[in-house]
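The values are calculated or read from the model by the stated rules, or taken from the named source; none is laboratory data. In this text the structure is predicted, and so the values were computed from the model without any measurement. Cβ sites come from the backbone with ideal geometry, for glycine too, and all protein chains shown count toward neighbours. Quick note on the areas: whole protein, heavy atoms, side chains included, nothing else; ligands and nucleic acids left out. Shrake-Rupley method; radii C 1.70, N 1.55, O 1.52, S 1.80 Å.
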Amino acid sequence: AEVKCLYHAKFGADAGPKDDTYASKLHRCQDSLCELEAMFAQKYGHDINDVDEDVCVWIETTGHSRMETLEEKLAEVKCLYHAKFGADAGPKDDTYASKLHRCQDSLCELEAMFAQKYGHDINDVDE
């Protein structure tokens, strides 16, 4: 108390405001930070924490992806086709991928038969 009186007598003010403690300074800084974050969100339309170190904004989207939307539309078209013509839009195994798969299976069978008949792999034959 005596030191505070001497300080007051010399400088005409108290030794320091009572709320100038570390905790109160930290609290004021946190309040300022919250205000800045609110102003940032108001100006840019997203939270400052959504910005990464490359200054890219990551926004979480909801709803369907393009692929899901296309799959839904395809299913709808197939239903309409089935309702109009009474049959599916085409055999399910008649797709390009299934045809390609059948051809690859046939090629593997042919390679196996070649190896069985000639005793070596067809890829070992010189042109």
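Brief remarks on what is shown
- Looking only at residues in segment 77-125 that are under 44 Å from the mean Cα position of the chain (by Cα), surrounded by fewer than 10 Cβ atoms within 10 Å (Cβ to Cβ) and not in a helix (DSSP H, G or I), the one that is modelled with the lowest pLDDT is Pro91.
- Of all residues in segment 31-50, exactly one satisfies the criterion of being assigned to a loop (DSSP other than H, G, I, E, B), surrounded by 11 or more Cβ atoms within 10 Å (Cβ to Cβ) and without any contact (Cβ under 8 Å) to a residue 12 or more places away in the chain, namely Asp47.
- Residue check for Arg28: open to solvent by 100 Å² or more (accessible area, probe 1.4 Å), under 16 Å from the mean Cα position of the chain (by Cα) and basic (Lys, Arg): no
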